[in-house]
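The values are calculated or read from the model by the stated rules, or taken from the named source; none is laboratory data. What you see is a predicted model, and the numbers here were worked out from it, not measured in a lab. Note that each Cβ is placed from the backbone with ideal geometry, even for glycine, and that neighbours are counted across all protein chains shown.
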Ligand SMILES: [Zn+2]
């Protein structure tokens, strides 16, 4: 079974297909006419290893994982006869056929995921709406464990369209190429009669797929995404991938980022008035295309992945003029409060081990750690460099396929500051010392006021210090 992205066994999944690696699989994904909640999958390949499985993460709440929603799993050989399949009951099977046998795997996925509880949110599983169905690749695909690449042929009911994160294969209508296991499984897709629009921003080609009552939100989504992509591309110096899909439908406001797609749900149409809610989600998930899926940690480092992403989402919204200084200070206040409200004895480094309990501290504490480090780097370098230099260097050195560790963050921070920063990490990330939030805010022209009732307020100080430089991009 494929392991979660943090496990070393998954490190090879980004490599392209080569003759001596795993097989190339030809998938067919078919939604039958009149049965929107059913997907029929067929996969054909020449057997190398005998193990096939669903993704080993994302549906941990069920003993059988993603296979809970898969029916009639069958493998046949070139003679059309069924081959013996031994199931482990957890979403993995062993095929009783020799290496070199051309096999065909068939099964159906019943889209009833939206009738279950999902700890990460429905946006990371599958849902059906009157005009569209949404799936993640993990909800759909059983693959050979050694899969390296493949194609997906999509067959849909009349009048439906496919909004996909994959590249069309030239000359083959309805066929798409996937160059890695992650690209197949760690992505979202939308099928139906929803609205679709494609826009280009620099090297990015973004497909927006929007359904239901949110269709009129398409221009707002594009308006906010475009300057964020431009700002993040400037910050990181390059883009991790060129094609992205963003899906948006009605639901409890939430978002999930995948290899080259992200999925959003929103409770009401996206407008200027509620931008503080959905705009943050867009800014956050877009940043994950670099810090999240564009570069990944070797082991759990949620405080960095989520917290630094939240920090830059807030800062970029302010820099782009999407939120004013009043909303900026409110955002900083709520993140600061989450930092002060952490559970006794929990460090930022360890917080991600219990994401549910430490959710607020991971995002808020992580964002405040970014703020503190930004202030330190700017002060140490006399304003010449900032946290953006650290992020850029990390993305350059640990982009797709290479994973960073804590020591790499310390090295990048020290290099940006021009001064060793290991003490900051030892005390405030690995250790439980409170973050120097007040001192950092002062560097950016704000005063922190806390009272004994647990309230925290941020107000503009008399000394703006580095505020102007902070609010304009490097
Ligand atoms: Zn996130």
> When residue 239 is evaluated against the numbered criteria (1) more than 11 Å from the ligand (Cβ to nearest atom); (2) more than 20 Å from residue 125 (Cα to Cα); (3) under 13 Å from the mean Cα position of the chain (by Cα), which criterion, by number, is the only one it fails?
Replying inline: (3)
> Restricting the search to the stretch 284-310, which residues are more than 12 Å from the ligand (Cβ to nearest atom), touching a strand residue (DSSP E or B) at 6+ places or on another chain (Cβ under 6 Å) and assigned to a loop (DSSP other than H, G, I, E, B)?
Replying inline: 298
> Taking interchain pairs and intrachain pairs at least six residues apart, which have beta carbon atoms under 9 angstrom, with the first residue in the stretch 455-474 and on the phi > 0 side of the Ramachandran plot and the second surrounded by 15 or more Cβ atoms within 10 Å (Cβ to Cβ)?
Replying inline: 465/442; 465/443; 465/444; 465/445
> Which residue pairs have Cβ atoms under 7 Å apart, sit 6 or more places apart or on different chains, and have a first residue in the stretch 109-129 that is without any contact (Cβ under 8 Å) to a residue 24 or more places away in the chain and a second that is part of a helix (DSSP H, G or I)?
Replying inline: 114/122
> Which condition number does residue 276 fail, the rest of (1) more than 12 Å from the ligand (Cβ to nearest atom); (2) at pLDDT 95 or above; (3) in contact with a helix residue (DSSP H, G or I) (Cβ under 8 Å, 6 or more places away or on another chain) being met?
Replying inline: (2)
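For every residue, the table says whether it meets (1) in contact with a strand residue (DSSP E or B) (Cβ under 8 Å, 6 or more places away or on another chain); (2) under 18 Å from residue 309 (Cα atoms).
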{"residue": "389", "(1), (2)": "no, yes"}
{"residue": "394", "(1), (2)": "yes, yes"}
{"residue": "400", "(1), (2)": "yes, yes"}
{"residue": "405", "(1), (2)": "yes, yes"}
{"residue": "427", "(1), (2)": "no, no"}
{"residue": "430", "(1), (2)": "no, no"}
{"residue": "458", "(1), (2)": "yes, no"}
{"residue": "461", "(1), (2)": "yes, no"}
{"residue": "464", "(1), (2)": "no, no"}
>> Residues that are under 22 Å from residue 162 (Cα atoms): list the strands (runs of 3 or more DSSP E) wholly contained in the stretch 22-112 that include at least 2 such residues.
In response: 24-30, 38-46, 102-110
>> Against the condition within 12 Å of the ligand (Cβ to nearest atom) and touching a residue at least 24 places away in the same chain (Cβ under 8 Å), how does residue 244 come out, does it pass?
In response: no
>> Taking the condition of being at pLDDT 95 or above and on the phi > 0 side of the Ramachandran plot, how many residues in the stretch 337-367 meet it?
In response: 0
> In the list 448, 435, which residue meets the criterion of being in contact with a helix residue (DSSP H, G or I) (Cβ under 9 Å, 6 or more places away or on another chain), closer than 13 Å to residue 340 by Cα and buried (at least 21 other Cβ atoms within 10 Å of the Cβ)?
Replying inline: 435
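Listed here are the residues, each with its yes/no results for (1) over 29 Å from residue 471 (Cα atoms); (2) more than 16 Å from the ligand (Cβ to nearest atom); (3) touching a residue at least 40 places away in the same chain (Cβ under 8 Å); (4) touching a strand residue (DSSP E or B) at 6+ places or on another chain (Cβ under 6 Å).
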| site | (1), (2), (3), (4) |
| --- | --- |
| 209 | yes, yes, yes, yes |
| 220 | no, yes, yes, no |
| 232 | no, no, yes, no |
| 248 | yes, yes, yes, yes |
| 254 | no, no, yes, yes |
> Which of the residues belonging to the stretch 311-322 are within 16 Å of the ligand (Cβ to nearest atom) and in contact with a helix residue (DSSP H, G or I) (Cβ under 6 Å, 6 or more places away or on another chain)?
Replying inline: 311, 312, 313, 314, 316, 317
